[in-house]
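This report refers to the structure that appears directly beneath it.
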Amino acid sequence: MPAAVPAVLAHAGLLGTFISTEHAGRGWDAVSFGWLCAELGQCSLSLLSIVTVHSMVMEAIRLSGTEQQRAEWLPVLAQGKKMGAFALTEPDFGSDATGIQTSLVECAEGYRVSGRKKWISYAARADVLLVFGKLEDGSAVACLLPTDAPGLRITPMKGLLGFRAAMLAEIEMNDCVIPAANLIGRKGAGINYVAAGALDLGRLAIAFGSLGAMEACVTDSVTYARQRKQFGQSLSKHQLIQQMLADMITSYKAAERLCVYAAELRTVGDPMAAVETATAKYFASTHAVTVANHAVQIHGAAGCSAAESRTERFYRDLKITELIEGSNQMQQIMIAQNGMGEFVQSALRRKRLLTDNS
Ligand SMILES: Cc1cc2nc3c(=O)[nH]c(=O)nc-3n(C[C@H](O)[C@H](O)[C@H](O)COP(=O)(O)OP(=O)(O)OC[C@H]3O[C@@H](n4cnc5c(N)ncnc54)[C@H](O)[C@@H]3O)c2cc1C
């Protein structure tokens with residue numbers, strides 16, 4: 001990722017769109033933020049992921065920071081003067097984030113942070129990390145750790161399936177000192193509130209980003225199928241190709257409705273927004289993987305070459321969207337647990353109506 005790219009986004013005012021104007025953002029609602037993510041995803045999912053993790057750091061400060069922390073950090077992050085990364089995952093703890101072992105030990109200057117983080121997007125370039133760890137009494141906390149802190153070692157990760165330009169890194173923290181003022185949120189709320197709130201926004205970004213990537217795959221496939229001729233006619237005239245295009249278009253349209261619905265609920269602060277966001281992320285990412293698979297199929301060999309199409313990149317990148325911001329299995333668990341209650345309630349309501357009317 002050329003270093004200038006985030007600077008271009010910052011210059012265009014696209015890094016802090018959902019942050020209030022009071023804190024140097026644009027004050028956009030969740031639907032507009034979502035469509036920005038779709039545009040970025042349509043272009044590059046690595047680029048989208050950088051904006052996503054940077055936004056998640058801001059969201060954590062916005063939701064859980066003190067007034068003073070919001071005033072200090074949000075304007076610099078929203079304007080891209082500093083870039084953030086979200087450091088939750090550890091070598092031994094991914095989905096089960098409550099198990100993380102990074103420690104924060106109180107000291108005269110504040111806290112000493114020690115531990116390891118892995119698979120952290122943009123950590124190879126970021127200025128500040130939102131690190132999740134535990135205090136000596138085991139309570140989970142979040143803290144801001146500048147990347148120039150003594151004792152911090154950042155090792156870029158290479159050879160990834162996708163998100164190759166997302167500047168992933170592995171992080172080793174050895175007694176890195178932070179002031180107490182860098183703790184974000186209440187002690188004990190690090191995972192269940194601070195990380196959860198940020199991940200909720202991250203899921204919306206990935207849902208819309210997958211939607212954007214799907215749009216790119218459909219557009220490229222339609223264009224290619226109309227140009228490429230086999231057996232004397234364009235691919236788009238062959239019904240088996242049309243079948244794939246029909247499935248791709250249908251997936252895109254259904255995912256779009258779910259994404260927009262989730263963003264609308266978020267905009268009005270509806271309590272169902274989080275589960276609808278999980279539903280949108282689960283559906284959009286799963287279907288985007290199938291859409292990219294069809295796109296490569298329609299392009300034939302040209303779909304396997306970075307020189308001839310961008311479908312091979314989408315095919316690799318989209319697989320990652322099924323894993324990040326909570327894997328799709330985690331989304332399924334959340335959807336099932338909430339959905340069961342919802343459907344039990346509606347069955348009871350229907351039964352009561354029938355009893356009352358009989
Ligand atoms: C490109 C990329 C970028 C990333 N960026 C970041 C980042 O910026 N910050 C960050 O903190 N992390 C990041 N991650 C890490 C990502 O969040 C984790 O990979 C994800 O949370 C899954 O954790 P894991 O890989 O340890 O898999 P595990 O938790 O070990 O799970 C392995 C498999 O088992 C499934 N599984 C786990 N538990 C259950 C269960 N109870 N029931 C059913 N299935 C289950 C999972 O869904 C998964 O399919 C990134 C990862 C990648 C690949």
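Annotations
- Scanning the stretch 1-23 for residues that are in a loop (DSSP other than H, G, I, E, B) and farther than 19 Å from residue 164 by Cα yields 12, 13, 14, 15, 16, 17, 18, 19, 20.
- Meets criteria (more than 16 Å from the ligand (Cβ to nearest atom), in contact with a Gly (Cβ under 9 Å, 6 or more places away or on another chain), over 18 Å from residue 274 (Cβ atoms) and of a type in the set (Ser, Thr, Tyr)) for residue 355: no
For (1) exposed (fewer than 14 other Cβ atoms within 10 Å of the Cβ); (2) touching a residue at least 24 places away in the same chain (Cβ under 8 Å); (3) not charged (D, E, K, R), each residue gets a yes or a no:
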position: 126; (1), (2), (3): no, yes, yes
position: 134; (1), (2), (3): no, yes, no
position: 156; (1), (2), (3): yes, yes, yes
position: 179; (1), (2), (3): yes, yes, yes
position: 185; (1), (2), (3): no, yes, yes
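- Residue within the stretch 157-179 that is β-branched (Val, Ile, Thr) and either within 11 Å of the ligand (Cβ to nearest atom) or not in a strand (DSSP E or B) (or both) present: yes
- Any hit, the stretch 27-40, residues being exposed (fewer than 14 other Cβ atoms within 10 Å of the Cβ), of a type in the set (A, V, I, L, M, F, W, C) and touching a Lys or Arg at 6+ places or on another chain (Cβ under 9 Å): no
- Enumeration of residues in the stretch 55-84 that are farther than 20 Å from residue 11 by Cβ and of a type in the set (Lys, Arg): 62, 70
- Close pairs (8 angstrom Cβ cut-off, 6 or more residues apart or separate chains): in contact (Cβ under 8 Å) with a residue 60 or more places away in the chain in the stretch 231-242, of a type outside the set (Lys, Arg) anywhere: 235/224; 235/225; 235/241; 235/298
- The residues listed here are 325, 342; of these, the one that is in contact with a Lys or Arg (Cβ under 8 Å, 6 or more places away or on another chain) and charged (D, E, K, R) is 325.
- Every residue from the stretch 303-334 that is crowded, with 18+ Cβ neighbours inside 10 Å, more than 12 Å from the ligand (Cβ to nearest atom) and not basic (Lys, Arg): 303, 309, 311, 312, 314, 315
- Going through (1) at pLDDT 95 or above; (2) in a helix (DSSP H, G or I) one by one, residue 308 falls short only on (2).
- Only one of the numbered conditions (1) aliphatic (A, V, I, L, M); (2) buried (at least 20 other Cβ atoms within 10 Å of the Cβ); (3) within 14 Å of the ligand (Cβ to nearest atom) is violated by residue 235, and that is (3).
- Within the stretch 140-156, the only residue that satisfies the criterion of being away from the ligand (no atom under 16 Å from the Cβ), part of a strand (DSSP E or B) and over 24 Å from residue 185 (Cβ atoms) is 153.
The values are calculated or read from the model by the stated rules, or taken from the named source; none is laboratory data. These figures come from a predicted structure and were not determined experimentally. Every residue, glycine among them, receives a Cβ derived from its backbone with ideal geometry; neighbour counts consider all protein chains shown.
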